[in-house]
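As structure tokens, the structure follows; a few thoughts come after it.
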């Protein structure tokens, strides 16, 4: 019923999906996790096929790199499409810990404790 | 930042990243594979970068698109924290595209083959210039022993006394995990130092 995946998809050059944009408005790094804002919601009808595939994958929490690898989409394209989904309130962008702010020191400590648990 | 959707139902899982760098064939993928909870994903990532550093592509002034092999693995550190390990493309000609992979990393491991020390110079130069990403040198002892002491290696690769140097066997899970622990301790000590300076 919602199988409106179009044949011509394979012929579209990747950046056509993004309207030529190569920068996302959200701080999306390769390790940034994304998940559906509401897991029960079916994707809106007007989503592009690539965006719909991303949305479906995000039923589970996944990183930008994992989504890009799984859908064989260029990283930059994946970032822009995820950014658009976030703008529409469809996906949630999880916090990314970069260690650049002192407020993240506690998370770094948790990371170390996690490693010590795994590799003792 | 983040999203306009705030959900209380979902545990707020956060992620972080370390980068595994070094020359071609020094054991980066082996290291990732030894510690990762998933088989390392090797993907052909198409990277797009501004070509400011490249003068030989003047015909396309804005962007360069190149396909590079990117390896990554994953570790769930606790219920709310996932760490990714990204292996960088080994070839020096891909250096200008590293920034995308390296941005936001809490630390980096430069894997070194003691028999081919020069292969790691590019990686060390990169992180020396970056300044903001703590890195350590991990010497992969391929056949179980090293012909040089770690201090000799430190002198040869010309890194300061603050940069940790450890030896390990990239095929060994615990030894590879130990490299990650050493990196995290170093990252934490640097972060605390910065905090003290700011106070």
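The values are calculated or read from the model by the stated rules, or taken from the named source; none is laboratory data. Quick caveat: nothing in here was measured; it's all calculated off a predicted structure. Because the Cβ atoms are built from the backbone with ideal geometry, glycine has one as well, and the counts that use them run over all protein chains shown.
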Notebook entry, point to check: Only one of (1) modelled with pLDDT of 95 or more; (2) more than 10 Å from chain B (Cβ to nearest Cβ) is not met by residue A:60, so which one is it?
Noted result: (1)
Next item on the list: Filter segment A:32-41 for residues that are part of a loop (DSSP other than H, G, I, E, B) and modelled with pLDDT of 95 or more and give the result.
Entry: A:32
Note to self: Being under 26 Å from residue B:42 (Cβ atoms) and either more than 7 Å from chain B (Cβ to nearest Cβ) or touching a residue at least 24 places away in the same chain (Cβ under 8 Å) (or both): is that true of residue A:34 here?
What the structure shows: yes
Next item on the list: Tell me, please, whether a residue that is modelled with pLDDT under 90, touching a helix residue (DSSP H, G or I) at 6+ places or on another chain (Cβ under 9 Å) and closer than 19 Å to residue B:23 by Cα can be found in segment B:106-115.
Entry: yes
Notebook entry, point to check: Has segment A:93-110 got any residue that is in contact (Cβ under 8 Å) with a residue 12 or more places away in the chain, farther than 16 Å from residue B:104 by Cβ and crowded, with 22+ Cβ neighbours inside 10 Å?
Noted result: no
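Considering only segment A:84-120, state which residues are assigned to a helix (DSSP H, G or I), within 7 Å of chain B (Cβ to nearest Cβ) and over 25 Å from residue A:37 (Cβ atoms).
Passing the criteria: A:102, A:105, A:108, A:109, A:110, A:111, A:112, A:114, A:115, A:116, A:118.
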Note to self: Any residue that is surrounded by fewer than 19 Cβ atoms within 10 Å (Cβ to Cβ) and under 30 Å from residue B:108 (Cβ atoms) - is there at least one of those in segment A:39-60?
What the structure shows: yes
Next item on the list: Just name the residue that is farthest from residue B:103 (Cα to Cα) out of those in segment A:45-82 that are in contact with a strand residue (DSSP E or B) (Cβ under 9 Å, 6 or more places away or on another chain) and in a loop (DSSP other than H, G, I, E, B).
Entry: A:59
